[in-house]
Amino acid sequence: MRGLLRHPGFAAFMGANVLERFASSALTVLLGFQVYELTRNPLDLGWLGLAEAVPGVTLVLYGGHVADRHRRRRIVLVTTVLLAALAGSLALASGTGHVLLTLFVAAFLTGAVSAFEGPAASGLEAHVVPLARLVPGLALLATTGRLANVLGPVAGGFAWAALGPRGTYLALAALFAVSALAMLGVPEPPVPAAPEGISAWRSIRDGVAYVFRDQLLLGSMALDLFAVFFGGATALLPVFATDILHVGPEGFGLLRSAAGAGSFVAALLAARFLPQRRAGAALHWVIAGFGVAMVVFGLSRSLTLSLAALFVAGLCDGISVVIRRAILRLASPEAMRGRIAAVKSVFVGSSNELGAFESGVAASLLGASAAVWSGGLVTLGIVAVTAWRAPRLRRLDLAAMARSVTVR
């Protein structure tokens, strides 16, 4: 732990990441809660997710190209400042006659900013986590990030009840600003060398082709994509909190945080107990566990059981996050980290928003409960297919892979 914190830029990067994740998780769930509070229509939650996903899908590959051609720390700084300005704008718009439209525009702009921030931050992470302490370092970043995800929605829910929309959005703007200041403590790595005369389109195509040639990258991304797309329930939590469990905004915050709490515990355990030599098999088992937990959550009518199911889902997801981040780090060449992270965002990051749209549509057709438990069953089928079609991923040994990277 001390060695990690003394590594140049690690503590500053972790602090900036925690603040940004705290504010972003609160902002995302509060946008959804406010939309549902205004319309009481679960389909609108799906449209909100789609509004955020569209720029994520259309811009993130270019964002990866930019991250591989420009200074990554500067990109993260600029995008974090833009998020602060966006939260401040939401505070100013509160109480006006166009709140609903403003919320959808804010979701769209959040997705656009994240399309550039994500690939740059992923490339920057590789310079602050030493390869010799890869799993503990990634687990610590995941632990603190998940802690932020736990506390962000809870604090946002209680702040909403105490301060109202304007005060809450102003507080989030301040947190984004402090995150940008913390990022100044991260050393600026050199811009990766790039061949001359390569167009942006060719650069993007090369990054996509690299991922599709690598079974570890493609398999891990596809596994998470479909699991989140069909098995996620985050977008429907306002429906469960309001209409099914009847627990109000405070209960909504607890539901939203339960999965984050499980992920936080998983990240703590992963630093010491992750089965690195059987990491591929572990990845399949924990995503299957995620699917089972979603089935239980969809059928539950008890707040206690629902919180437990979401905690287990988060526990499984937290373990998978550490494994997938390790795969991304070890399988990505330095000059292509931004573009590969961008492809991952298309597979994984945008699956959250597209999954939110799918959940909203499914809930409007089947009901919220059926949409969730049926998605959990689909997730189990996806795990079985991936285990069959991606044997190299199933047999992944992270320890051996790290040694091969060190040798190269």
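The values are calculated or read from the model by the stated rules, or taken from the named source; none is laboratory data. Worth saying up front: this structure is predicted, and the values here are computed from it rather than measured. For neighbour counting, all protein chains shown are included, and Cβ atoms are generated from backbone atoms with ideal geometry for every residue, glycine included.
Side notes on the structure shown:
- Scan of segment 377-396 for residues that are surrounded by fewer than 18 Cβ atoms within 10 Å (Cβ to Cβ) and either on the phi > 0 side of the Ramachandran plot or not in a helix (DSSP H, G or I) (or both), ordered by number: 395
- The set of residues in segment 239-276 that are in a loop (DSSP other than H, G, I, E, B) and either crowded, with 19+ Cβ neighbours inside 10 Å or at negative phi (or both) comprises 245, 247, 274, 275.
- Pick from segment 149-164, criterion at pLDDT 85 or above and closer than 21 Å to residue 14 by Cβ, ranking: surrounded by the fewest Cβ atoms within 10 Å (Cβ to Cβ): 155
- Any hit, segment 88-105, residues being under 30 Å from residue 274 (Cα atoms), small (Gly, Ala, Ser) and part of a helix (DSSP H, G or I): no
- Where a residue in segment 272-294 is under 10 Å from residue 383 (Cβ atoms) and without any contact (Cβ under 8 Å) to a residue 24 or more places away in the chain and its partner, wherever it lies, is aromatic (Phe, Trp, Tyr) and part of a helix (DSSP H, G or I), with Cβ under 9 Å and at least six apart: none
- Residue count for segment 339-388, restricted to those that are among the β-branched types (Val, Ile, Thr), farther than 19 Å from residue 219 by Cβ and at pLDDT below 85: 1.
- Residues within segment 1-37 that are over 30 Å from residue 169 (Cβ atoms) and in contact with a Phe, Trp or Tyr (Cβ under 6 Å, 6 or more places away or on another chain), tallied: 1
- Here residue 299 meets the list (1) in contact (Cβ under 8 Å) with a residue 24 or more places away in the chain; (2) buried (at least 18 other Cβ atoms within 10 Å of the Cβ) almost entirely, failing just condition (2).
- Residue 202 vs. criteria part of a helix (DSSP H, G or I), among the basic types (Lys, Arg) and touching a helix residue (DSSP H, G or I) at 6+ places or on another chain (Cβ under 7 Å): no
- Residue 119 being within 30 Å of residue 248 (Cβ to Cβ) and part of a helix (DSSP H, G or I): no
- Residue check, residue 85 more than 30 Å from residue 329 (Cα to Cα) and either part of a loop (DSSP other than H, G, I, E, B) or out of contact with any strand residue (DSSP E or B) (no Cβ under 9 Å at 6 or more places or on another chain) (or both): yes
- The listed residue being among the polar types (S, T, N, Q), within 23 Å of residue 108 (Cβ to Cβ) and assigned to a helix (DSSP H, G or I), out of 364, 374, 369: 364
- Test: residue in segment 119-136 that is charged (D, E, K, R) and surrounded by fewer than 21 Cβ atoms within 10 Å (Cβ to Cβ): yes
- Residue match in segment 233-250 (condition: modelled with pLDDT of 85 or more and closer than 20 Å to residue 61 by Cβ): no
- Screening residue 25 against (1) among the small types (Gly, Ala, Ser); (2) in contact with a Pro (Cβ under 9 Å, 6 or more places away or on another chain); (3) more than 22 Å from residue 158 (Cβ to Cβ); (4) surrounded by 22 or more Cβ atoms within 10 Å (Cβ to Cβ) leaves a single unmet condition, (3).
- Screening segment 32-48 for residues that are in contact with a Ser or Thr (Cβ under 9 Å, 6 or more places away or on another chain) and surrounded by fewer than 21 Cβ atoms within 10 Å (Cβ to Cβ) and picking the one that is nearest to residue 360 (Cα to Cα) gives 43.
- Sole exception among (1) modelled with pLDDT of 85 or more; (2) more than 30 Å from residue 245 (Cα to Cα); (3) in a helix (DSSP H, G or I) for residue 399, by number: (1)
- Which listed residue is surrounded by 24 or more Cβ atoms within 10 Å (Cβ to Cβ) and assigned to a helix (DSSP H, G or I), from 145, 111, 167: 111
- Restricting attention to segment 189-204, the residues that are in contact with a Leu (Cβ under 9 Å, 6 or more places away or on another chain) and either surrounded by fewer than 14 Cβ atoms within 10 Å (Cβ to Cβ) or at pLDDT 85 or above (or both) total 1.
- Scanning segment 70-79 for residues that are closer than 17 Å to residue 187 by Cβ and either among the aliphatic types (A, V, I, L, M) or in a helix (DSSP H, G or I) (or both) returns 72, 73, 74, 75, 76, 77.
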